[in-house]
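Engineer: Handing you this structure, nothing more for now.
Any read-out appearing in this document is the output of simple, stated calculations on the displayed coordinates, not a laboratory observation. None of the values given here were measured: they were computed from a predicted structure. Positions of Cβ are generated from backbone atoms using ideal geometry, with glycine treated the same way; all protein chains shown enter the neighbour counts.
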Amino acid sequence: MQVLSSTVPHAGQVVRVALRMFAALIIGTVIGLQRELTHKPAGLRTHLLVALGTALLVVAAVNANMKSGDVSRVIQGLITGIGFLGGGTILKLTQEHEIRGLTTAAGIWLTAAASVAAGLGQFADAFIGVFFALIVLTAVGKLERHSTDRNESESTDRHRM
């Protein structure tokens, strides 16, 4: 009975875990929805699962009363593993000499990074990071497309001469 009572969390701990996991859900939803709406390969479900899985491992490590060095190693392993997951989204198209999927990979990695912050209870850090990510994904993306369209029309014009 003593062992069972020591593993049952108290109400404050349940609320803390729930808030951190909910923050991860928000992170995954915001970034995943942006990717989904722009028809990218890794969409809402992928980002939600990355966010939840990342936050869960961080929360579990903290709740297991690991030393900060051990929690740091958990986070290092997560970021490395997410890097491999993101690497799987990168595709080199040899015929077109083009590489696709770098932004998708970076988005997955950022989702994990923000979820690490949420798992540690650093909500402001997590949400500020996501806010800036949205700026990059939307505004900078539009600038890139505008620049690419302009350069392609100029190069086409030069090619015709």
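Engineer: What is the Cα centroid distance between the range 62-120 and the range 22-60, reported in whole angstrom?
Structural biologist: What the calculation gives is 12 Å, centre to centre.
Engineer: Which value, in debye to the nearest 20, gives the size of the charge dipole of the range 2-160 about its Cα centre, when Lys and Arg are +1 and Asp and Glu are -1 at the Cβ?
Structural biologist: Working: 14 positive and 10 negative charges, 49 e Å.
Computed charge dipole of the range 2-160: roughly 240 debye.
Engineer: If packing is taken as the mean number of other Cβ atoms within 10 Å per residue, what is the order of 84-91, 58-65, 26-33, highest first? Show your work: numbers first, answer last.
Structural biologist: Working: 84-91: 14.4, 58-65: 15.9, 26-33: 22.2.
Ranking, from highest mean packing down: 26-33, 58-65, 84-91.
Engineer: Calculated from DSSP H runs of 4 or more alone, at -39500 (n - 2.57) each and per residue, what is the 222 nm mean residue ellipticity of the chain, nearest 500? Don't skip to the answer; put the middle values down first.
Structural biologist: Details: 7 runs with 124 residues, N = 161.
Dividing the helical sum by the residues of the chain leaves -26000 deg cm²/dmol.
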